[in-house]
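Right, one structure below, let's go through it.
The values are calculated or read from the model by the stated rules, or taken from the named source; none is laboratory data. Keep in mind the model is a prediction, meaning the values are calculated, not measured. All accessible areas refer to the heavy atoms of the entire protein, side chains included, with ligands and DNA or RNA removed. Shrake-Rupley method; radii C 1.70, N 1.55, O 1.52, S 1.80 Å.
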Amino acid sequence: MLFNNSLPAVLAFFAALAIGLVAMLGELRFAVPRGALIVPPVLIMVPGIYAFEAIVFLNLGSTLNALQAFAICCFVISGLAMGLATARFLSSR
């Protein structure tokens, strides 16, 4: 069973995987570079709210809450990277 705090990272992984696979199809069909199809949706998915929460909690002196928000931010970014890497491995020729 997934913990509530790890759910955004898991969802980011599957979303990035889907983006990578759709970008592969777009690259083949429309002759557009894969990076042009990957960067805009993944850029929107970068978790700025968790990074902002970490800074706010650090300013308030809540170190544990700041570390939790920062960890979620790092896990989501890692999920995005792993999803794109998995899509690249699945679509390699």
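By how many degrees, 0 to 90 and rounded to 10, does the Cα axis of helix 7-30 deviate from the longest principal axis of the chain? The helix 7-30 is inclined about 20 degrees to the chain. The helix-based estimate of mean residue ellipticity at 222 nm for the chain, built from -39,500 (n - 2.57) per DSSP H run of four or more residues and divided by its residue count, is -28000 deg cm²/dmol to the nearest 500. Think of a 1.4 Å ball rolled over the protein heavy atoms: the chain then has 69 Å² of accessible area per residue. Between the helical axis of 34-44 and the longest alpha-carbon principal axis of the chain there is an angle of about 20 degrees. With the Kirkwood sum run over all distinct C-alpha pairs, the chain has a hydrodynamic radius of 14.2 Å.
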